[in-house]
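The values are calculated or read from the model by the stated rules, or taken from the named source; none is laboratory data. This structure is a prediction, so every number in the text was calculated from the model and none was measured. Cβ: placed from backbone, ideal geometry, glycine included. Neighbour counts: every protein chain shown.
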Amino acid sequence: MKHFRVSVHIVPRKGLLDPQGKAVADALHSLGFGAVREVHVGRHLVIETEAANAEAAEAAVREMCTRLLANPVTEDYEIAGVASA
Amino acid sequence: MKFGIVSFPGSNCDDDAVFAAADVLGQPAVKLWHKDHDLQGSDVIILPGGFSYGDYLRAGAIARFSPIMQEVAAHAQRGGPVIGICNGFQIACEAGLLPGALMRNAGLKFLSMPVTIRVENTGTRWTALCRDGQRLTMPIAHGEGRYTVDHATLERLEGEGLVVFRYVDAAGEASPEANVNGSLDNIAGVRNAAGNVVGLMPHPERAMDALLGSTDGLVLFESVLAAVHA
């Protein structure tokens, strides 16, 4: 077993109202960043785990997302990176 | 009839629920610690409001792993009455006892105020004594109460009458203005198919005494009392 560091991004599901993201986008517009179209505020998780290889580490984290880390009704997740630690 | 009120670390309305059951209704009420495995013979379970586990990860997400929740799920499966109030509603959704999820209020503000809700379904253990369309005023106190569900499930909820409460205005209409937190279809509360599990964001247990501004929560507790005695 090797040690891996898996990063996950969890964001509000596309199409659902994201008032927090909208408030941040409005603030950026106020600062003059008029080119900003949308902002999505989510969570970034770093999971340090043992696994046989990188694929197994990613597969395990995907299952963690499905079962706990992301709400299946309101959130989407993406694996941002898998690194040996 | 014995009420069991689950105390999670961070629950803060468990005492209000005990007050409602014991002081107002005069029924035996026991607090159930989240680490227990025993409902202590409770006939009715209340998942109270608060901030269980500090709302870490998502509101209600961690509480569903508390040991007592296995017993609560089994109780619900057997048809035992369960009500999830506020954070308890969030927990019930996370635990899969009820459909949907509660997201950040559309206006981003934590809302602490009285609201009016309309009874949309009287086929539950908790609304059996309500009149169809009856309006109830009770407080809300939440930052994450925007009810959300996928389109297919929403159609099922509306089609099968599983929406129990909606936010309404003074005229009794489910208007955008009345929809304080931006919930889908003004939904304030839902039920499971069997009608023994109900969840809602407003606080009936804090609307049990005229001194506290409203007694409109009483009818929910009287309904479940009548249902269990029947």
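Restricting attention to region A:40-85, report how many residues are within 12 Å of another protein chain (Cβ to nearest Cβ), of a type in the set (Asp, Glu) and over 12 Å from the mean Cα position of the chain (by Cα). Show your work before the answer.
So in region A:40-85, the residues within 12 Å of another protein chain (Cβ to nearest Cβ) come out as A:41-43, A:45, A:64-65, A:67-75.
From what is left, the residues that are of a type in the set (Asp, Glu) are A:75.
Of the ones still in play, those that are also over 12 Å from the mean Cα position of the chain (by Cα) are none.
Residues that pass the stated criteria total 0.
All told, residue A:15 falls short of being within 14 Å of chain B (Cβ to nearest Cβ), touching a His at 6+ places or on another chain (Cβ under 7 Å) and under 29 Å from residue B:154 (Cα atoms). With respect to the stated conditions, residue B:26 is modelled with pLDDT of 95 or more and closer than 16 Å to residue B:205 by Cα.
How about region B:156-168: which of its residues are crowded, with 17+ Cβ neighbours inside 10 Å and either over 19 Å from the mean Cα position of the chain (by Cα) or within 14 Å of another protein chain (Cβ to nearest Cβ) (or both)? Correct list: B:157 only.
In region B:86-120, of all residues being within 19 Å of residue A:13 (Cβ to Cβ) and more than 15 Å from the chain's Cα centre (by Cα), the one that is surrounded by the most Cβ atoms within 10 Å (Cβ to Cβ) corresponds to B:103.
Can you confirm whether residue B:137 is surrounded by fewer than 20 Cβ atoms within 10 Å (Cβ to Cβ), under 11 Å from residue B:116 (Cβ atoms) and at pLDDT 95 or above? Taking the combined requirement at face value, the residue satisfies it.
The residues in region B:73-110 that are farther than 19 Å from residue B:206 by Cβ, assigned to a helix (DSSP H, G or I), within 14 Å of chain A (Cβ to nearest Cβ) and touching a residue at least 60 places away in the same chain (Cβ under 8 Å) can be counted, and the count is 1. I'd like to know if region A:25-36 contains one or more residues that are crowded, with 16+ Cβ neighbours inside 10 Å, under 15 Å from the mean Cα position of the chain (by Cα), within 24 Å of residue B:58 (Cα to Cα) and not acidic (Asp, Glu). Checked against the condition, which is being crowded, with 16+ Cβ neighbours inside 10 Å, under 15 Å from the mean Cα position of the chain (by Cα), within 24 Å of residue B:58 (Cα to Cα) and not acidic (Asp, Glu), region A:25-36 yields no hits at all. Contact map, region B:209-230: residues that are closer than 16 Å to residue B:84 by Cα paired with residues that are at pLDDT below 95 and of a type in the set (A, V, I, L, M), Cβ distance under 9 Å, separation 6+ or inter-chain. Pairs shown: B:224/B:1. Counting only residues that are in contact with an Asp or Glu (Cβ under 8 Å, 6 or more places away or on another chain), in a helix (DSSP H, G or I) and within 14 Å of another protein chain (Cβ to nearest Cβ), region B:38-72 holds 3 of them.
Taking residue B:125 as the residue in question, decide whether it is in contact with a helix residue (DSSP H, G or I) (Cβ under 8 Å, 6 or more places away or on another chain), under 17 Å from residue B:193 (Cα atoms), of a type in the set (Lys, Arg) and more than 10 Å from every other protein chain (Cβ to nearest Cβ). In short, yes.
Within region B:43-64, is there a residue that is buried (at least 22 other Cβ atoms within 10 Å of the Cβ) and polar (S, T, N, Q)? There is at least one residue in region B:43-64 that is buried (at least 22 other Cβ atoms within 10 Å of the Cβ) and polar (S, T, N, Q).
Taking region B:139-155 as the range and being without any contact (Cβ under 8 Å) to a residue 40 or more places away in the chain, assigned to a helix (DSSP H, G or I) and within 14 Å of chain A (Cβ to nearest Cβ) as the test, the residues that pass are B:151, B:152, B:154.
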